[in-house]
Amino acid sequence: MRQHLQLLARSPDISSILALRSLAPCEWGEFESTDREPPVTVRTEGEGVESRRMLVIGESVVVTTRCVGDDVEISVTNAQMPDDLRAVLAAAGIPALAHGRPLRICAEQFFTRLCTLDAGWVLLRRIRNCTGPDQAVSIAVQVLNLGLRWNQNQAAMCNRGESPASLKVARALQQESEELLKEHSGWMTSLRLLDDPRGAAIEIGTRGFDHPCSSAALIFDWRPAPCASGEPVPVVRHGSGRYAIRPTKLKPAVLDALSAAVVSGHEVRVVQRLSKALYANANDVLQTLGGEWSSAKQAHVFPGCAATALNSVMASGELYRREDFEFFWTAEETARRVIALARLRPGMTVLEPSAGDGALARPAADIVGKQNVSVFELMPENVKRLREQGFAIDAPVNFLATEPTPTYSVVIMNPPFSGGRDMAHIQHAMRWLVPGGRLVAIASTSWRTQRSSNAERFRTLLSELDADVAELDRGAFKEAGTDVPTTLIAFNVRGAPVGPELSLPAARVSARLAPSPTVSVAAQLEFF
């Protein structure tokens, strides 16, 4: 709902909505708005099943519709159109892209969408005239959401009779309406919940108007198109191909709950009464986006514009969580073991290709100097943390897509594990080492037991390199949120060692990997 109203807020008058309504088969197929420049008109060409309706701006046809049985086929033939028309198209779920594939939709559904947008715009205009554009969308979401829940409860009582539960809901909604009226008493003179579920659901009176504004129970049960300004809404992707980071898809109920939230400046307030589980999901999304709960303000407070943070998720219906990046921070004890095995000395050059929040990079910098530690990281929040700690990193970087330069003495790493990512990251990291360079990595245990060709070749490679492998304690990453078993791998690439021998603690050393036919390291690096 919020996205639809935000798009409608870009339309200063209702002419764009009326023009699009005229494209629906059940509407009168002529429209003209002569007070706009250039003028907007709708005309019909052809007859019967061959007829088409065209929305024309000046002399250019921008949208065409034709009936196909019970459906209507909508074609955007020219994206050079006013911003308000483009925004209303997007609010109706129609991509405003020139020469795109036609959108086919049920004619009744198309008309219902436009009528819903029409009613939503009327209420939004009334509120905007009283409050200004900044608050209007959030208040309209509150009013419409309240009206919808009231109408649904009234319909239930009408169909099944009153019950203690439905009466309790009715009292709660009445109390919510009184609180909303009190909150906006400076301009809202009345707020009524209407009893007849077949008619309008809610009515508001406002200063400066002689008559109240009523609204039906509006249901925005479609997603707006991902194009509201002539270009697709940018959806950031992290990585590509086999090892791309896959975002979490949010459930529709969570998106609906967030769309009903009140957004003002840096704050987001979830005002709708939600189940415990649904609120927990909405709270998780807001915290993941950077909102911190403030008991004093009874809101999630963001460091920047809250609407910007929230809209990025609402546009795609997806959210990147730290679990999606497989970010499970390294505990201090485990980090100390990695650093000890790395055999670092002042002045050495060190690479941490999946740096996370800097758990390995920081102690390495204490030894070799921060200027000698290079970091890569894909999770944007961690990139910010690393930059704040003084590491030279400007943006998220997909390490597997980088071109290696063999200039580092040591690589220390705790890469993602799933789908063989740890094997791929380790082999790619080897390409960054100078001859004799050393690599110490935290990895999964799956490479030891998998029967895949990649795992077999990885085992062969470690045997060729005479790698030391130790099992880490099962709870090494419990505090970070996972109990996955892990190993510690340490080896030198071909050439002289970079420091004195330092084996893994005897109690933790596993048996050497079984010998295998000699294969050159260079050849082994071609496997991934």
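Beta carbons closer than 6 Å, at least 6 apart along the sequence or on distinct chains, pair a first residue in the range 467-494 that is among the aliphatic types (A, V, I, L, M) with a second that is modelled with pLDDT of 85 or more and in a loop (DSSP other than H, G, I, E, B) for ILE489/ALA467. Scanning the range 182-207 for residues that are under 24 Å from CYS158 (Cβ atoms), touching a helix residue (DSSP H, G or I) at 6+ places or on another chain (Cβ under 7 Å) and not small (Gly, Ala, Ser) yields LEU191, LEU193, ASP195, PRO197, ILE202, ILE204. Of all the residues in the range 449-476, those that are part of a loop (DSSP other than H, G, I, E, B), under 36 Å from the mean Cα position of the chain (by Cα) and within 24 Å of GLY437 (Cα to Cα) number 1.
Screening the range 245-326 for helices (runs of 4 or more DSSP H) wholly inside it with 3 or more residues that are farther than 15 Å from MET1 by Cα returns the ranges 276-288, 306-316. Count of the range 143-185 residues, restricted to those that are polar (S, T, N, Q), over 35 Å from the mean Cα position of the chain (by Cα) and loosely packed, with under 14 Cβ neighbours inside 10 Å, is 3. In this structure, SER51 does not satisfy being in contact (Cβ under 8 Å) with a residue 24 or more places away in the chain and either buried (at least 17 other Cβ atoms within 10 Å of the Cβ) or on the phi < 0 side of the Ramachandran plot (or both).
Taken as a whole, the condition of being surrounded by fewer than 18 Cβ atoms within 10 Å (Cβ to Cβ), farther than 20 Å from THR330 by Cα and without any contact (Cβ under 8 Å) to a residue 60 or more places away in the chain applies to GLY369. For the range 105-121, the criterion of being among the basic types (Lys, Arg), closer than 29 Å to CYS213 by Cα and outside any strand (DSSP E or B) is met by at least one residue.
One residue alone among GLU381, GLU377, GLU332 is of a type in the set (D, E, K, R), under 18 Å from the mean Cα position of the chain (by Cα) and more than 21 Å from GLY436 (Cα to Cα), and that residue is GLU381.
Any residue that is at pLDDT below 85 and over 14 Å from ILE489 (Cα atoms) - is there at least one of those in the range 419-441? Within the range 419-441, one or more residues are at pLDDT below 85 and over 14 Å from ILE489 (Cα atoms). For the range 281-304, filtering for residues that are among the small types (Gly, Ala, Ser), surrounded by fewer than 12 Cβ atoms within 10 Å (Cβ to Cβ) and under 18 Å from the mean Cα position of the chain (by Cα) leaves 1.
Here PRO38, PRO12 are screened, and the one residue that is under 35 Å from the mean Cα position of the chain (by Cα), assigned to a loop (DSSP other than H, G, I, E, B) and surrounded by fewer than 16 Cβ atoms within 10 Å (Cβ to Cβ) is PRO12. Of all the listed residues (ALA225, ALA201), the sole one being at pLDDT 85 or above and farther than 30 Å from GLU377 by Cβ is ALA201.
For the range 159-216, enumerate the residues that are among the hydrophobic types (A, V, I, L, M, F, W, C), within 14 Å of ASN129 (Cα to Cα) and out of contact with any strand residue (DSSP E or B) (no Cβ under 7 Å at 6 or more places or on another chain). Across the range 159-216, the qualifying residue is only PHE209. State all residues of the range 15-35 that are touching a helix residue (DSSP H, G or I) at 6+ places or on another chain (Cβ under 9 Å), of a type in the set (S, T, N, Q) and either farther than 14 Å from ALA119 by Cα or surrounded by fewer than 16 Cβ atoms within 10 Å (Cβ to Cβ) (or both); if no residue qualifies, say none. Scanning the range 15-35 gives a single hit, SER33.
For beta carbons closer than 9 Å, sequence separation of 6+ or different chains, a first residue in the range 432-457 that is on the phi > 0 side of the Ramachandran plot and a second that is crowded, with 18+ Cβ neighbours inside 10 Å, the qualifying pairs are GLY436/SER409; GLY436/ASN492; GLY436/VAL493; GLY436/VAL498.
Between VAL271, VAL313, the distinction of being of a type in the set (A, V, I, L, M), outside the structural domain of ASN382 (by TED's automatic domain parsing) and under 23 Å from ALA90 (Cα atoms) belongs to VAL313 only.
The values are calculated or read from the model by the stated rules, or taken from the named source; none is laboratory data. Please read these numbers as outputs of a predicted model, since none were measured by experiment. A quick note on method: Cβ atoms are made from the backbone with ideal geometry, for glycine too, and the neighbour counts reach across all protein chains shown.
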